[in-house]
Amino acid sequence: MSTKNVKYIGLNHNGIDYLLCSLDCKTIVEISYVARRGESEEQGAVQRILNKSRISSISDYVLNGGYFPTNIILNVIDTEKVNVKKDSFDISISERIAQVIDGQHRVAGMRDALSKDPSVGDTMYPVLIAVGLTTEQCADIFVSINTEQKTVPKSLIYDLYGLTSTSSHDYSIERGRDIAFVLNTEEDSPYRGFIKFPGSTRFKGGIQLSSLVNALRPLVKTHGEFEKYQIQTLEFQAKVLKNYFKALEYYYDKKWYELSNPFLYASGFSASVDVLVSILLPFCYSKKSFSFDTFKSALNITKDTLLKQSDVKGKSGETAKIFLYDELKKLVNIDTITETDLEF
């Protein structure tokens, strides 16, 4: 059993002494383990069952060069395994030295990534180490982290994604956010002012940024629907979407801006995007036209067939989306379109 000497900064919070340090991925994986509540009787057992899908996504994130700027918190259960000095400590390197108090999915993802690519073992991560904590102390820390601290809204994450420098960021989120900005700000967009970005004024109706980005991701992801039909630049993608929604707006006329319009809500927006993907994009591509006139001609909507938000009153979001998709699909009449040159 080897020993590693580690530099640290001493902290005391709420009566608990911590060693703030930096450890390489290989060491974290080797010394740590998870003590789950209900499965383990040992001191400090507070963790929940692992989510396998989260582990897989974190593993991919690590393999693609991702990093974690927040601390993993460990509890070394055997005080003899750590020798704390003035500005450094010696820790024994062997299995099951330290319980994971916070970061069990990160550690599991790191372990999986390390098994696939040993080179990630040298990556350094911030770690907060406590020594000999009781189960009650571990529970206090766990509850503080997981209940008192609020989760960052998805919309804020999406809004900030374009500012990140990590090479593993999701292209589809960044592009979806960029398209949302165009739809929300350009004067000729039917969704101008109807997309709820973080910090925007609260109003009834409208679409949260996170909901809109989720709906657009099948279109803008790598090898997604837009790429399939050679709609690849931001300008082109935004133009196609505006042409499509302007065609819907044309039939609604002034009613488009009323709260009775289901397409001003997340379920209606998602349903309209699904119709675009499943029917209109392949058809328009075959006709070499993604113009406003092409989309308008593909829709057979009258005042009597306008879909209303009241049609989905009382329905869950997913049920409402399915209903609106089915009804909008009935209003598509692609037989009215003739061959044209490529138009945008």
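The values are calculated or read from the model by the stated rules, or taken from the named source; none is laboratory data. Bear in mind the structure is a predicted one, so any value in this text is a computation, not a measurement. So basically every Cβ, Gly included, is an ideal-geometry build from the backbone, and we count neighbours across all protein chains shown. Heavy atoms of the whole protein, side chains included, go into the accessibility calculation; ligands, DNA and RNA do not. Shrake-Rupley method; radii C 1.70, N 1.55, O 1.52, S 1.80 Å.
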Legend entry - P(r) tail fraction, the chain - alpha-carbon pairs more than 27 Å apart, %: 58
Inset, instruction - Using only the Cα atoms of segment 189-259, build the gyration tensor, take square roots of its eigenvalues as a ≥ b ≥ c, and label the shape rounded, prolate or oblate: rounded if a/c is under 1.5, else prolate if a/b is larger than b/c, else oblate. - result: oblate
Legend entry - Pairwise centroid distance, computed over Cα atoms, of segment 242-263 with segment 58-132, Å: 53
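Using only the Cα atoms of segment 72-145, build the gyration tensor, take square roots of its eigenvalues as a ≥ b ≥ c, and label the shape rounded, prolate or oblate: rounded if a/c is under 1.5, else prolate if a/b is larger than b/c, else oblate. Intermediate values should be presented prior to the final figure.
Working: a/c = 2.04, a/b = 1.26, b/c = 1.62.
The shape class here is oblate.
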Legend entry - Theoretical FRET efficiency, 1/(1+(r/R0)^6), r = Cβ-Cβ of residue 303 and residue 333, R0 22 Å, to 0.05: 0.85
Inset, instruction - Within the chain, what's the longest run with no GluC sites (Glu not before Pro) in a DSSP loop and at most 15 other beta-carbon atoms within 10 Å? Give the range, please. - result: 96-185
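If you take all C-alpha pairs in segment 186-341, what percent of them are over 24 Å apart? Walk me through the numbers before you get to the answer.
Numbers: 3657 of 12090 pairs.
Value for segment 186-341 (Cα pairs over 24 Å): 30 percent.
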Legend entry - Accessible-area value, residue 60, 1.4 Å probe, nucleic acids and ligands omitted, Å²: 70
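On full extension of the chain, what length is gained from residue 13 through residue 145, given 0.36 nm per residue of separation minus the C-alpha to C-alpha distance? Show your work: numbers first, answer last.
Numbers: separation 132, 0.36 × 132 = 47.52 nm, distance 1.36 nm.
In short, 46.2 nm is gained.
When averaged across all projection directions, what area in nm² does the alpha-carbon convex hull of segment 221-308 cover? Before the final figure, lay out the partial values.
On the way: hull surface 23.3 nm².
The number I arrive at for segment 221-308 is 5.8 nm².
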Legend entry - Extreme residue, positive dipole direction of the chain, given options 171, 184, 22 (C-beta unit charges): 184
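Work out the length of the dipole vector of segment 167-302 about its Cα centre, built from +1 on the beta-carbon of each Lys and Arg and -1 on the beta-carbon of each Asp and Glu, and round it to the nearest 20 debye.
Values: 17 positive and 14 negative charges, 36 e Å.
Roughly 180 debye, rounded to the nearest 20.
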